1. Separation of segment 1-53 and segment 89-117 by C-alpha centroid, Å?
2. Rounded, prolate or oblate, given the Cα gyration tensor of segment 25-78, with a/c below 1.5 counting as rounded?
3. For segment 2-119, calculate the relative contact order in percent as a whole number, restricting contacts to Cα pairs under 8 Å that are 6 or more residues apart.
4. Return the percentage of antiparallel bridges among DSSP beta bridges fully within the chain, rounded to the nearest 5 %.
5. Roughly speaking, what is the stretch gain from residue 117 to residue 1, that is 0.36 nm per residue apart minus the C-alpha to C-alpha distance, in nm to one decimal?
6. Note down the nm distance, to one decimal, between modelled labels 7 Å out along Cα→Cβ at residue 81 and at residue 38.
7. What angle do you read, to the nearest 10 degrees and between 0 and 90, between the alpha-carbon axis of helix 70-81 and the longest principal axis of the chain?
8. Where Rh is the Kirkwood radius over the Cα pairs of the chain, the temperature 25 °C and the viscosity 0.890 mPa s, what D in µm²/s does Stokes-Einstein return?
């Protein structure tokens, strides 16, 4: 499950991802896109926003922000196989912000929705 820590980061990540696939999200109405605030409890997170972690795993921080997902998928697969419940990573769509990837097969309980709201991309 690909999530962001902040609302605007989530919106920018979805916008960036859709546009990279040739989809213009502003072609859809505001009721077509929904944002969910989630609650979860995770124990084992690989924090790729920590320079010491990047050094220990020999990860180049620039590779985490590329459009090519080959490196990030390799890191995700390795983290999953090593038993991590998720990855905290820098946002490529919103510099300085963070995303949280949750490995649903590794968590004891799925995240629960605390709230939801319709969002639009017309103003972006």
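1. Cα centres, segment 1-53 to segment 89-117: 7 Å.
2. Note, shape of segment 25-78 comes out oblate.
3. 42
4. 85
5. This chain segment gains 39.9 nm when fully extended.
6. Modelled inter-label distance: 2.4 nm.
7. 60
8. Reported coefficient: 158 µm²/s.
Laboratory data are not the source of any read-out in this text; all were calculated from the coordinates shown. All of these numbers come straight from a predicted model, not from anything done at the bench. All Cβ positions, even for glycine, are placed from backbone atoms using ideal geometry, and neighbour counts span all protein chains on display.
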